[in-house]
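The values are calculated or read from the model by the stated rules, or taken from the named source; none is laboratory data. Since the model is a prediction, treat every value here as computed from it, not as a measurement. Backbone-built Cβ (ideal geometry, glycine too); neighbour counts: all protein chains shown. What goes into the accessible areas is simple: the full protein's heavy atoms, side chains included, and nothing from ligands, DNA or RNA. Shrake-Rupley method; radii C 1.70, N 1.55, O 1.52, S 1.80 Å.
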Amino acid sequence: MARMKFLCDADRCIECNACVTACKNENDVPWGINRRRVVTINDGEPGERSISVACMHCSDAPCIAVCPVDTIYQTEDGVVLHDKDICIGCGYCFFACPFGAPQFPAAAAFGSRGKMDKCTFCAGGPEPDLSTAEHRKYGSNRLAEGKLPLCAEMCSTKALLAGDGAEIADIYRQRVVWRGAGAGAWGWDLAYGRRQRQNANRQ
Amino acid sequence: MMRARPGCGWRTVLAAALTMAVLAAPLIPQGWAYLGDPKSTQRIDPTNRLWRELRQGAAGQTQVQAPEAGVLIASAGEEWRRLRNGPLRTWGAYWLAAAAGGVALIFLWRGRIRIEGGRSGRTVERWRLPHRVLHWYTAVLFLILALTGLSLLYGRAVVLPLFGKEVFGLYAQGAKVLHNYLGPLFPVGVILMAALWARNNLPARVDLRWLAEGGGILFRDRHPPAGNMNAGEKLWFWIVVFGGLTVSVTGIILDFPGLGQTRETMQTAQIVHAASAIFMLGFAVGHIYIGTLGTEGALEGMVHGRVDVNWARQHHLLWYEEITRGGGPEPEAAGEGEGEPAAGA
Amino acid sequence: MRLIKKTGASAATGGMDRRTFLKTSGLAAGGAALAGLAPGAMMRRAEAAEGGAKVETVRTVCTHCSVGCGIIAEVQNGVWVGQEPAFDHPFNRGAHCAKGASVREHGIGERRLKYPMKLENGKWKRISWEQAIDEVGERLLAIRQQSGPDAVYWLGSAKHSNEQAYLFRKMAALWGTNNVDHQARICHSTTVAGVANTWGYGAMTNSYNDIHNSRAVLLIGSNPAEAHPVALQHILRAKERNNAAIIVVDPRYTRTAAKATEYVRIRPGTDVPFIWGLLWHIFENGWEDREFIRTRVYGMDKVRAEVKKWHPREVENVVGVSEQQMRRVAKMLADNRPGTIVWCMGGTQHTIGNNNTRAYCILQLALGNMGTAGGGANIFRGHDNVQGATDLGVLSHTLPGYYGLSEGAWRHWARVWDLDFDWIAARFDQNEYAGDNGKPVKPMFYKGIPVSRWIDGVLEDKENIGQRDNIRAMIFWGHAPNSQTRGVEMKKAMERLDLIVVVDPYPTFTAVLPDRKDGIYLLPAATQFETYGSVTASNRSLQWRDRVIEPMFESLPDHTIMYKLAKKLGFAAELTKHIEVRNDEPLVEDILRELNRGMWTIGYTGQSPERLKRQQRNWGTFNYTTLQAEGGPCNGEYYGLPWPCWGTPELGHPGTPILYDMSKPVAKGGLTFRARFGVERNGVSLLADGVYSVGSEIRDGYPEFTDKLLKQLGWWDDLTPEEKNAAEGRNWKTDLSGGIQRVAIQHGCAPFGNAKARCEVWNFPDPIPVHREPLYTPRRDLVAKYPTYEDRKRFYRLPTRYRSIQETDFSRDFPIILTSGRLVEYEGGGDESRSNPWLAELQQHMFVEIHPVDANNNGIRDGQQVWVETPEGRIKVMALVTRRVAPGVAFLPFHFAGHFQGEDLRAKYPPGADPYVLGEAANTAMTYGYDSVTQMQESKVSLCRIRAA
Ligand SMILES: Nc1nc2c(c(=O)[nH]1)N[C@H]1C(S)=C(S)[C@@H](COP(=O)(O)OP(=O)(O)OC[C@H]3O[C@@H](n4cnc5c(=O)[nH]c(N)nc54)[C@H](O)[C@@H]3O)O[C@H]1N2
Ligand SMILES: Nc1nc2c(c(=O)[nH]1)N[C@H]1C(S)=C(S)[C@@H](COP(=O)(O)OP(=O)(O)OC[C@H]3O[C@@H](n4cnc5c(=O)[nH]c(N)nc54)[C@H](O)[C@@H]3O)O[C@H]1N2
Ligand code: HEM
Ligand code: HEM
Ligand code: SF4
Ligand code: SF4
Ligand code: SF4
Ligand code: SF4
Ligand code: SF4
Ligand SMILES: [Mo]
C-alpha cells in the first residue's frame, strides 16, 4: 500500500506561491482559508529559505488524537481526512497540529469557527469518490482519478514533492547526490516519524 | 428539580458517582502511558540547524494572512495534546471519581443528617428571592456547562462508542453551541455572588473550630457552631468565586478566538479552563450532596427562602442567635405548601 | 452541508466595498471568511457538470509572462472547470508560478468589465457596442479633422496575440500615424536596441531550457524567482547537475539571490562600471577568449581602453563592490564556460539602459560565450507576448519586422498588404516638421511619440513638439497607465485629453485616475483564453493557443473590436483586404498567413498556422533541453519554430534554437552574426574572419544576400522562374517569394550574412558604453566625472531633459535611492491580477521595502503607514522593514493602483469592476528620466524621503 507523503525541498522552493494558488484553484478554497502556505525564514537575509507547508498527513496524527468527536481519520494511503458533517468546529485540531494545517472559515464570537477545512491531499472526503457532494465539501479527489495533488504537480521548481513516500524519498535522495550536500528536505521527521523515514529510505 | 426527593435522590447520586468512577477506569492506563513516555515528542535531527530552529517555533514571513501563519512548526501543540489527552483527562477523571466516591462513602458512613429534634414548624428567612434566583441561575448554568464541557472532554471515550459518530457528532455540536453561548453568562452570576455574598464568607475564628470538628458531618456527635455561613460553605464560596473567574476568563479566551490571541494562549487557556472547571466540579459534587441528600432542611432555604428554626440552630447557631437577637425578624409558622413537610416521608 | 456557510452569496456579485471585503476576508481581519466567493466558482463548476457533459481538454499558454508555460484547460458545457498541469510541455513540465496556477479564474472573472460603458456626468453608463463604436469613431474622426491623425495615440499591448498585435500596428498605419507603441518601450526597448546593434537581432539568444547546459549563470538586474519563476526550474537544474555558479547581481538580496552561489550587491544604476570592473580583471589576467574576439568581434580594443579606467578602487567607489569579490566573480565566469548572462529590468530601465545592455553583450563576447549551448544572452522578456508584439512592430519607430519607417519599409509593407503606397501616404499628415536631427521630416517617416512620453505629447507646448498638434485622444488597448512614471503629471494629462478609450478586460486605473465627468469609454475586451492565435515566448518560440471558452459577458476579441472600429473609421476593407472576415471577426489564421508573407527580416515566415498547430498537438515530443522534436510528426523541428524560421513554411526550416551558433548548418538552425552594419568601418572589415557556420559554401565572412550577390556567386539559377521574377532588384528582406533565403540556405549560408558582432555602436550617443550617473543621484561627488547627457530639443518628437535635471542637487532633501520592480503574485499594472481573488489574497497591501537603519533614522516601524516622497510625487504606503535592501535604498513594487497620493479612489470604479486590492501606484512617485536611444523610462533609480504618515 502506498504511503502518501509531502516533501518540500527547501533548497529549491522560491516562494512563488504556485502551490498555494493551485490549491485554491483546484479545490475552490474561499478567501481566508489556505490549505497550504509558504513560509520564508530569514526573509531578505542570507540563509533565506522558503518552505511550503500544508497538512503533512502525519503518521501519529495529533489532530486525530484530540478531536472530541473523532471525525478525523487516516486512509489506507496514509491520507488524513475528516468528515465535515460531524466536525463541530472546536478548533482543537488546530491547537494540536504542529503545522497549523487546520483552517476555519471564521473565527467569530462564541467560538463559531465553522467546519474545519484542511488539505485533503486532494483526496476528497468520506463521501463517495468524485460525487458532487464530495466536491462541494472537500474539493477535488485527484487520488481517485489517479492523479497526485495539484499543488505539487504545479510547483514551479519541483521543490514540492507529493506521492508515495518511497518514491519521493528516492527523487529527493537523487537530488542530494547531485548536489553533493544539502539537508533541505523539510517536515519529514516530525510528520512521519523516524521509523517511517528509515523504511522509506531502505526501500 | 426544585423539590428534593431524598428517597430516590440519593440512589441517583450514588449511581452517577459509581458510573463516573467505572467509566474513568479505562482512561487510567492511557494517562500513565502519556506520563511515562516523555521522549514521544523528541525527534529532533541534531544535524539540521534550520530544522532545529523551526522546531523551536521560529517564525518566518508568509503571504498568507492569518494569525501565526508564519510559524512553521508549533511544537507547543504536541505538549498541549499530551496534557489534554493525558494528565488532564486522567486526573480529571480520578478527581471526579474521587469526589463522587467520597460523597458516596460519606453517605454510607454517615447517612443523611437529620434536623436534630425534628422540625420545629417555625421558619426563619435565610435567602431572599433575588439571592435564590442568583444561586439557581449560577448553579443551573454551571451544571449545563459542566455537562456540555465534559461531553467534549470525555464524550468521545464514553458516549461516542454507545451512539456512533453521527449521533454523537450532532449531540456534541449542540453541546458545544450551548456551552459556547451560555458560557459568557456564567461570570455574571459569579460576579454578583462575589459582590453580594463575600461579606458573609469572610473567614472567622469560629471557622477553625468548625473545621476541627469536621463540620458536624464527619463525626456524628459534634455540632460545631457557625455563623451565617459555615467554613465549608465559605470554602465553597471562594472556590466558586476564584474558580469561576478562572474558568470564565479562560473560557472567554477560548470563546472569542478572533481577539488576536495566539494559539499558545488558547492552548494554555484550554488546559487551565478544563482543569479548574473539573476542580470546581469535584467540589460541586460535594456541595450538591450536602445541599440535597446530605443535610435535611438545607435545600428548602435555597428553594423557598426560609429554613426551619431547628435547622438554623443546628447548623448556624451563631447566625440564628444574631438574627433573633434584638428586634430581629420573628420566626413564622410554616404555612400550607411551604417548606418541607415536618416529618420525613 | 457546504464548505462554508452560504450567507452573503450575493455579495460576491458586486457591491461589496473594500472595507467590508477586507473585514470579512480572513482571520486576520477578525471577520468571517468571504462566504460566497468560492461557491460562486464552485457553483459554475457544479452546474457545468450537471448532465454529465463530456470534459474537453484545451491546450493553451499562460498569459502572464514570457516563459510561455503550457496549460491544459478542462472545459465542460462551455465552463472552464479545471486546469491540469501540462507535464509534457517542454518549457514548464506542468509547473507554474502563482499567476499561471490561477489562470482558470479568467473563466470566472467576477471583476471584469462586463459591457461597454461610458462616463456621463460623472456616472458610468452602460451602452451597446454599436453606440460605443459609433461615438468613439465620431470623436476620433472629428479630432483627425481638426488636429490631424497624429493627435490620436494608439497604445497597443504585449498581451495581444501575434495576429492582433500585427493587425493593431497595421491599423495605426492605415489611420495614418506612428503614434503607436506598447509595453516593450518601457520594458526591453533598450535591450532590443542595444543587442540588435551589437550582433543583429534584439532578442534572447538561447532559451530557458538551454540553461541546463550552462556552467555559470550571471543574473544581473533580473529576479526570475519572482518574475519568471519557472525559469528557476531550469536554473536550479544547472546548479544541481552542473554545479553551475549562480551569480546574482542586484541592489536587493532577492528571492533569486537566496538561491545563488554568489550574491553581489551593487548601487542602483551602476551596471556599466560593474561589468567594466569584471572585464578589468578578465583582461588583466588574460581570461578573455582571444580567438573568438579575433574572428567574431569588432571594436574590442576600444572597450579595453574604456575598461582600463575602471580600476578596482574606482569600481568599489562607484559600484560598492570590493576588489576581492569582483575578482572572484570574474574568475568564476572565466573558469566556468559556457556561461550565460541573464538580464532584465534592473539593466534596461535607465537613462543609460542601452549602455547597460551593450556592456552585458560585450562581457559575453569577451568570454566567448556567444553562439553556444549553455552560453548566450538569455534576456528574459516580460509579458507573454512582448516578444511577438515587438517583432510585429507595435512601436512608434518601426513597422513589423524591424523594417523601420523608411520609405523602403513602407513600400515593402504596402506590397505585403497589397495596398497602394500613395494611398497609405495620403492617410498621414502631409506637413513636414523638424526631426530629431533638426532636418525636416514627414510624420510618416518620423518616429512617433513613445508610450513613456505620451503625457508630454499632451502637456508640452505645441510649438515644441514635432507634429501638428498635441495628443488629444488616448486609446489604451491592453495597457495600464500606472506602468508609466510621473503619475502626477499623467493625471493632469488625462484631464486635458478630449477622449480616453480603454479596450481591456478590466477597467484599469485609467478609468478612475483623472477627475473627469465624461469622455471616457470602457470597452470590454476578451482575454486570450477567449480567443486563439499565436504567441511568442521569450526564446522566440511561437506557440499556438486554442480558445478555452467563448468570450465572457459582452466582451469581444481584440481583433473583432479593431475590425468594428476600422469599419467606422472607413478603412476596414484595406485592413482586411486578404483576410477573411466572419461576423466582424477577421480570421486569425489568415492574419498569420499575411504576416508570414512579410516578416522576412527575422524569419517569421516559416511559422504557418498549420505548422504551429501541429507542434501544439505534439508538444510532448520535444526534448526538454534541446527543444528539438525527437521523432513524431514534428521530427527535427525545434519547439515553437523559434525565429528566424527561414523561408516559406514549405521550406520546412526547423527554427533557430540558439542564435549565432555556427556548430549547426543554417538549414538546421545554425547561424552566424548578422551583417547589419555594412561590410567595413574606417577601412576595417566588419565581416567574420575565416569562420562560418557548418556546411557553409562560403568559408569566410560574407555580406547579406541580395539578388546581385546571388548573381555574383553564380547561384541565381537555383531560383525557380517565379522566384526570379520576385527576387529581381530585391534582397533577402524584401523578396516576397523567399527564393533568395532558400538559395542562400541551400548553400549553407545565413541570408543575413556572416559578420562580426560590434562592440562599438557608432550611431549611438555613447558608441562604447560608458557610465553616467542617474538624473536623480545621491552621489553628487560623481556627477562631474560621470555626467548625464545634454538636454535635447527634439527626440522622438519631444524635448527631452537630462542635464537640466541632474544639475539640481535633490539628494539633501531626498536622501534615499528609490527603485522599483515586481512581486510574484501580481503582473504589470496589476488590474488583472488584483482582480483575481486567489492572487489578491496573497498581497493585500502596497508597501515600501526600507532598511532598518533608514527606518530607525526616520522613526518608522515595520507595518506602519509612511509617505514616500520624491521630487515629483508622493504616495502613502506600508513600511516593510527589511535587510533585503541596502541602507539608503528603498524598493517599491509597481503593481498597485487605485489610490492616489493618499486618496482611495475605489468609489470611482464602475460598480462591481473594482479590483479586490487597491493601493498606491509606485509610478505616482517615480520620476523623470529617459534612455538616450529608446526613450525607455527610468523606473529603477530615483530619490526619495520616507516619513511616518
Ligand atoms: N510576477 C510577475 N512576473 C513578471 C511580471 C510581473 O509584473 N509580475 N512582468 C513581466 C515583465 S513585463 C517583465 S519586463 C519581467 C521583468 O522581470 P525583472 O526585471 O526580473 O523584474 P524587476 O523586479 O522589475 O527587476 C529585477 C531586479 O532589478 C533590480 N534592480 C533595480 N535597480 C537595478 C540596477 O540599477 N541594476 C541592476 N543590476 N539591478 C537593479 C531590482 O532590485 C530587481 O530585483 O517580468 C515579467 N514577469
Ligand atoms: N516603476 C516601474 N514601472 C514599470 C516597471 C517597473 O519595473 N517599475 N516595469 C515596466 C514594464 S517592464 C512593463 S512591461 C510595464 C507593464 O505594465 P502594463 O503592461 O501596463 O501592465 P499590465 O497591467 O500588465 O497591462 C496589461 C493590460 O492588458 C490587459 N489585457 C490582458 N489581456 C488582454 C487582452 O487580451 N486584450 C486586451 N485588450 N487587454 C488585455 C490587462 O487587463 C491589463 O490592463 O510596466 C512598466 N512600468
Ligand atoms: C443542584 C445543585 C445545587 C443545590 C441543591 C444547591 C443547594 C444549595 C443550598 C441549599 C445552599 C444554601 C446553603 C445554606 O443555606 O447555607 C446553597 C448555597 C450556595 N450554593 Fe448551591 N446548590 C447547588 C448547586 C450550586 C452550584 C453549581 C453552585 C456554583 C456554581 C452553587 C453555589 C452556591 C453558593 C455560592 C452558595 C452560597 C454559599 C455561601 O455563600 O457561602 N450551588 N446551595
Ligand atoms: C462553569 C463551568 C464550566 C465548566 C465545567 C466547563 C467545562 C469545560 C470543559 C470540560 C471543556 C472541554 C475541554 C476539552 O474537551 O478538552 C470546556 C470547553 C470550553 N469551555 Fe467551558 N466550562 C465551564 C464554563 C465555561 C465558560 C464560563 C465559558 C465561556 C465563557 C466556557 C467556554 C468554553 C469553551 C469556548 C470551550 C472550548 C470548547 C469549544 O469551543 O468547543 N466554559 N469547558
Ligand atoms: S499536519 Fe496537522 S492536520 Fe495534518 S495530520 Fe498532522 S496533525 Fe493532523
Ligand atoms: S474542529 Fe472539527 S475536526 Fe477539528 S477537532 Fe474540532 S471537531 Fe474535530
Ligand atoms: S494536496 Fe490538494 S488540498 Fe492539499 S494543499 Fe495540495 S492542492 Fe491543496
Ligand atoms: S510552488 Fe514550489 S517553489 Fe513555489 S512556493 Fe510552492 S513549493 Fe515553493
Ligand atoms: S507567469 Fe510565466 S512563469 Fe508563471 S506560469 Fe505563467 S508563463 Fe509560467
Ligand atoms: Mo516588461
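Annotations
- Pairs with Cβ under 7 Å, 6+ apart, first in region C:255-266 and within 18 Å of C:Leu278 (Cβ to Cβ), second within 16 Å of ligand 2 (Cβ to nearest atom): C:Ala257/C:Asp250; C:Arg265/C:Pro251; C:Ile266/C:Pro251
- Search result, residues across region C:612-662 that are on the phi > 0 side of the Ramachandran plot and open to solvent by less than 10 Å² (accessible area, probe 1.4 Å): C:Leu627, C:Gly640, C:Leu641, C:Gly647, C:Gly655, C:Tyr660
- Flag: C:Gly393 does not match the condition of being closer than 24 Å to C:Pro450 by Cα and either open to solvent by 10 Å² or more (accessible area, probe 1.4 Å) or assigned by TED's automatic domain parsing to the domain that holds C:Arg294 (or both).
- Failed criterion for C:Ser483 (all others in (1) part of a helix (DSSP H, G or I); (2) touching a Phe, Trp or Tyr at 6+ places or on another chain (Cβ under 9 Å) hold): (1)
- Residue count for region C:392-412, restricted to those that are in a helix (DSSP H, G or I) and either within 16 Å of ligand 4 (Cβ to nearest atom) or touching a Pro at 6+ places or on another chain (Cβ under 7 Å) (or both): 0.
- If you go through region B:299-328 and keep only what is in a loop (DSSP other than H, G, I, E, B), open to solvent by 30 Å² or more (accessible area, probe 1.4 Å) and at pLDDT 60 or above, you end up with B:His304, B:Arg325, B:Gly326.
- Pairs linking a residue in region B:277-288 that is farther than 13 Å from B:Trp91 by Cβ and assigned to a helix (DSSP H, G or I) to a residue that is within 16 Å of ligand 5 (Cβ to nearest atom) and open to solvent by 60 Å² or more (accessible area, probe 1.4 Å), with Cβ atoms under 6 Å and 6 or more positions apart or on different chains, do not occur.
- Checking C:Lys439 against (1) of a type in the set (Lys, Arg); (2) within 16 Å of ligand 1 (Cβ to nearest atom); (3) without any contact (Cβ under 8 Å) to a residue 24 or more places away in the chain, the condition it does not meet: (2)
- Listed by first and then second residue, the pairs with beta-carbon distance under 8 Å, at least 6 apart or on different chains, first residue in region C:891-905 and over 11 Å from C:Ile875 (Cβ atoms), second more than 16 Å from ligand 9 (Cβ to nearest atom) and among the acidic types (Asp, Glu), are C:Phe891/C:Glu849; C:Gly898/C:Asp904; C:Gly898/C:Asp914.
- Among the residues of region C:244-270, those identified as more than 8 Å from every other protein chain (Cβ to nearest Cβ), more than 25 Å from the chain's Cα centre (by Cα) and not in a strand (DSSP E or B) are C:Ala244, C:Ala260, C:Thr261, C:Arg265.
- A:Cys155 being more than 13 Å from ligand 6 (Cβ to nearest atom), in a loop (DSSP other than H, G, I, E, B), touching a Cys at 6+ places or on another chain (Cβ under 6 Å) and in contact (Cβ under 8 Å) with a residue 12 or more places away in the chain: yes
- Looking only at region A:104-124, and only at residues there that are more than 16 Å from ligand 4 (Cβ to nearest atom) and not in a loop (DSSP other than H, G, I, E, B), the one that is nearest to the other protein chains (Cβ to nearest Cβ): A:Asp117
- Looking only at residues in region B:172-203 that are out of contact with any Leu (no Cβ under 9 Å at 6 or more places or on another chain), assigned to a helix (DSSP H, G or I) and open to solvent by 80 Å² or more (accessible area, probe 1.4 Å), the one that is farthest from B:Pro130 (Cα to Cα) is B:Tyr181.
- The condition (being open to solvent by less than 20 Å² (accessible area, probe 1.4 Å) and either within 10 Å of ligand 1 (Cβ to nearest atom) or within 22 Å of A:Ala18 (Cα to Cα) (or both)) is satisfied by just one residue among C:Ala260, C:Ala216, C:Ala225, C:Ala245: C:Ala225.
- Filter result for A:Ser131 (within 12 Å of chain B (Cβ to nearest Cβ) and away from ligand 6 (no atom under 16 Å from the Cβ)): no
- Filter result (charged (D, E, K, R) and away from ligand 10 (no atom under 16 Å from the Cβ)) within region C:808-839: C:Asp809, C:Arg812, C:Asp813, C:Glu825, C:Arg834
- Checking each residue in region B:56-85 for being outside any helix (DSSP H, G or I), of a type in the set (A, V, I, L, M, F, W, C) and either open to solvent by less than 30 Å² (accessible area, probe 1.4 Å) or facing another protein chain (nearest Cβ under 7 Å) (or both) picks out B:Ala58, B:Val64, B:Ala66, B:Ala69, B:Val71, B:Leu72, B:Ile73, B:Ala74.
Here is a yes/no grid of residues against (1) touching a Pro at 6+ places or on another chain (Cβ under 7 Å); (2) away from chain B (no Cβ under 14 Å); (3) open to solvent by less than 30 Å² (accessible area, probe 1.4 Å):
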| residue | (1), (2), (3) |
| --- | --- |
| A:Asp60 | no, no, no |
| A:Ile64 | no, no, no |
| A:Pro68 | no, no, yes |
| A:Lys84 | no, no, yes |
| A:Ser140 | no, yes, yes |
| A:Lys147 | no, yes, no |
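- Screening region C:742-845 for strands (runs of 3 or more DSSP E) wholly inside it with 2 or more residues that are among the small types (Gly, Ala, Ser) and touching a residue at least 12 places away in the same chain (Cβ under 8 Å) returns the ranges C:816-821.
- Taking the listed residues C:Glu832, C:Glu825, the one that is closer than 25 Å to C:His182 by Cα, open to solvent by 10 Å² or more (accessible area, probe 1.4 Å) and away from ligand 7 (no atom under 16 Å from the Cβ) is C:Glu832, with no other qualifying.
- B:Arg119 meets each of the listed conditions (1) outside any helix (DSSP H, G or I); (2) within 16 Å of the chain's Cα centre (by Cα) apart from (2).
- Scanning region A:26-63 for residues that are of a type in the set (A, V, I, L, M) and more than 15 Å from the chain's Cα centre (by Cα) turns up just one, A:Ile41.
- Taking the criterion of being among the aliphatic types (A, V, I, L, M) and in a loop (DSSP other than H, G, I, E, B), the residues of region C:47-103 that qualify are C:Ala53, C:Val67, C:Ala86, C:Ala95, C:Ala98.
- Remark: pairs (first residue in region C:527-548, surrounded by fewer than 24 Cβ atoms within 10 Å (Cβ to Cβ); second residue of a type in the set (Phe, Trp, Tyr); Cβ separation under 8 Å; 6+ apart in sequence or on different chains) = C:Tyr532/C:Trp544; C:Asp546/C:Tyr532; C:Arg547/C:Phe529; C:Arg547/C:Tyr532.
- Residues within region A:1-34 that are within 16 Å of ligand 5 (Cβ to nearest atom), part of a loop (DSSP other than H, G, I, E, B), among the charged types (D, E, K, R) and open to solvent by less than 10 Å² (accessible area, probe 1.4 Å), tallied: 0
- A:Asp43 being more than 10 Å from ligand 5 (Cβ to nearest atom), in contact with a Phe, Trp or Tyr (Cβ under 9 Å, 6 or more places away or on another chain) and open to solvent by 20 Å² or more (accessible area, probe 1.4 Å): no
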